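Student: Got a structure for you, written out below as structure tokens; questions coming shortly.
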Amino acid sequence: MDDLISRQALCEYALNQKDKSVTPNDIMRFPSAQPEPAIPLSWIEKYIEWLKSLDNEFVNLAAAHISAMVKKWRDEQNERTD
């Protein structure tokens, strides 16, 4: 069963409720339940390798920064599972 509802349906509910405890403006302040698109780590790692293959100091610096972000993300994920 899909537990998500549309924001439009919730706004219509708010407009039709008798006690008016929730308004459409209240609802619009909530973020969308749609997940953000994810970039696969394998794609990022291939991109880092491609950057490194260009053999340019500025590009190597960018690759190092992206690698550091990936490592930080992995470390944070491991902390959550420990």
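The values are calculated or read from the model by the stated rules, or taken from the named source; none is laboratory data. Since the model is a prediction, treat every value here as computed from it, not as a measurement. Quick reminder, even Gly has a Cβ in these numbers, built from the backbone with ideal geometry, and neighbours come from all protein chains shown.
Student: Filter the helices (runs of 4 or more DSSP H) completely within segment 22-82 down to those with at least 3 residues that are over 18 Å from the mean Cα position of the chain (by Cα) and modelled with pLDDT of 90 or more.
Tutor: 41-53, 57-81
Student: For segment 28-42, how many residues are surrounded by 10 or more Cβ atoms within 10 Å (Cβ to Cβ) and either farther than 30 Å from ALA9 by Cα or acidic (Asp, Glu) (or both)?
Tutor: Going through segment 28-42, the residues surrounded by 10 or more Cβ atoms within 10 Å (Cβ to Cβ) turn out to be 28, 33, 41.
Keeping just the survivors that are either farther than 30 Å from ALA9 by Cα or acidic (Asp, Glu) (or both) gives 41.
Qualifying residue count, segment 28-42: 1.
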